[in-house]
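Data block below; observations after.
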Amino acid sequence: MSIASFHPHVVSVTEAATRGLPRLVKDVEHGEDVVVERRGKAVAALVSIRHLDELRRLEADLRDAALVLARAATDTGRRTDLDGAISALGFNRADLEAELDADLVAGRE
């Protein structure tokens, strides 16, 4: 089932209780998604593991797309090398290397 063609079977909480969980699970195993409503508002859904995996994959794809779009919208094209970044933070490479060497000699890694 494609997410785009998601047309679940909608049942009330009362109907879901009457039908019982085993029957609802059987419906899901046969490819039917079930949405449970209370007072006309969806409160739960039963979906197949295959459908859930597809939803998770789509969520990850959307997250990746959002990161790419955010990067494209904010990237100025300006790049900084490591020495430039170290300098921008108020350090210099020689002092950092000396500090690291002192930590290694003292057994602090």
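What does DSSP give for the chain in terms of the percent of beta bridges that are antiparallel, rounded to the nearest 5?
Details: 5 of 9 bridges.
Restricted to the chain, the bridges split so that about 55 percent are antiparallel.
Quick one: Karplus J couplings for segment 63-77, per residue in order, coefficients 6.51, -1.76, 1.60, θ = phi - 60°, nearest Hz, x for Gly and Pro?
Result, rounded to whole Hz: 4, 4, 4, 5, 5, 4, 5, 5, 5, 5, 6, 10, 6, 8, x.
Search the structure for amide H atoms under 5 Å from the amide H of GLU32, placed 1.01 Å from N in the peptide plane, and list their residues when 5 or more places away or on another chain.
Those lying under 5 Å, H to H, from GLU32: there are none.
What's the whole-number percent of alpha carbon pairs in segment 1-64 lying beyond 20 angstrom?
Working: 632 of 2016 pairs.
For segment 1-64, the share of Cα pairs beyond 20 Å comes to 31 percent.
Send over the per residue convex hull volume for the chain, Cα only, as a whole number of Å³.
With only Cα atoms used, the chain gives 246 Å³ per residue.
Whose amide H sits under 5 Å from the amide H of SER12, counting only residues 5 or more places off or on another chain, with H placed in the peptide plane?
GLU37
Please list, ordered by chain and number, the residues whose modelled amide H lies under 5 Å from the amide H of ALA45; skip anything fewer than 5 residues away on the same chain.
HN-HN under 5 Å from ALA45: VAL36.
Read-outs: derived from the displayed coordinates by stated rules, not from any lab. Remember, it's a predicted structure, so these values are computed and weren't measured experimentally.
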